[in-house]
Amino acid sequence: MQIVTTPTELFRAVKQNKLAAMLGVEGGHMIEDDIDKLDSLFHRGVRYMTLTWNNSTSWATSAKDETTHAFIVSPYGLTGFGDGL
């Protein structure tokens, strides 16, 4: 098994019959609305982040929240901050 951070490393690992893994973060709430924290995660090897999990952030609504009748938010989807990521 090998941690990879680029497509080139991924393809190399696959050619060597290795299991390749990329580090990721589940849920954009981890950056706490601070884009600099995204850079910090990148420097630690993280290469992807899901925008939401079951809970929404201030800049992206989750599918669970959008389908819960008690949850009222407008607009659904991404705000300007979310579009900029």
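The values are calculated or read from the model by the stated rules, or taken from the named source; none is laboratory data. Bear in mind that the values here come from a model prediction, so they are computed numbers and not experimental data. Virtual Cβ from ideal backbone geometry, glycine too; neighbours counted across all protein chains shown. Keep in mind that these areas ignore ligands, DNA and RNA; they rest on the heavy atoms of the full protein, side chains included. Shrake-Rupley method; radii C 1.70, N 1.55, O 1.52, S 1.80 Å.
Has the stretch 25-33 got at least one residue that is at positive phi, in contact with a Ser or Thr (Cβ under 7 Å, 6 or more places away or on another chain) and open to solvent by 60 Å² or more (accessible area, probe 1.4 Å)? The answer is yes, given that some residue of the stretch 25-33 is at positive phi, in contact with a Ser or Thr (Cβ under 7 Å, 6 or more places away or on another chain) and open to solvent by 60 Å² or more (accessible area, probe 1.4 Å).
Inspect all residues belonging to the stretch 3-11 and state whether any of them is in contact (Cβ under 8 Å) with a residue 40 or more places away in the chain, assigned to a strand (DSSP E or B) and open to solvent by 80 Å² or more (accessible area, probe 1.4 Å). Yes, the stretch 3-11 contains at least one residue that is in contact (Cβ under 8 Å) with a residue 40 or more places away in the chain, assigned to a strand (DSSP E or B) and open to solvent by 80 Å² or more (accessible area, probe 1.4 Å).
When the residues of the stretch 45-61 are filtered to those that are surrounded by fewer than 20 Cβ atoms within 10 Å (Cβ to Cβ) and among the polar types (S, T, N, Q), the one that is farthest from residue 9 (Cα to Cα) is 58.
Quick grid of which residues meet (1) modelled with pLDDT under 95; (2) among the acidic types (Asp, Glu):
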site: 1; (1), (2): yes, no
site: 5; (1), (2): no, no
site: 12; (1), (2): no, no
site: 18; (1), (2): no, no
site: 22; (1), (2): no, no
site: 28; (1), (2): yes, no
site: 32; (1), (2): yes, yes
site: 42; (1), (2): no, no
site: 50; (1), (2): yes, no
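Report yes if some residue within the stretch 52-59 is of a type in the set (Gly, Ala, Ser) and at pLDDT 90 or above; otherwise report no. Within the stretch 52-59, none of the residues are of a type in the set (Gly, Ala, Ser) and at pLDDT 90 or above.
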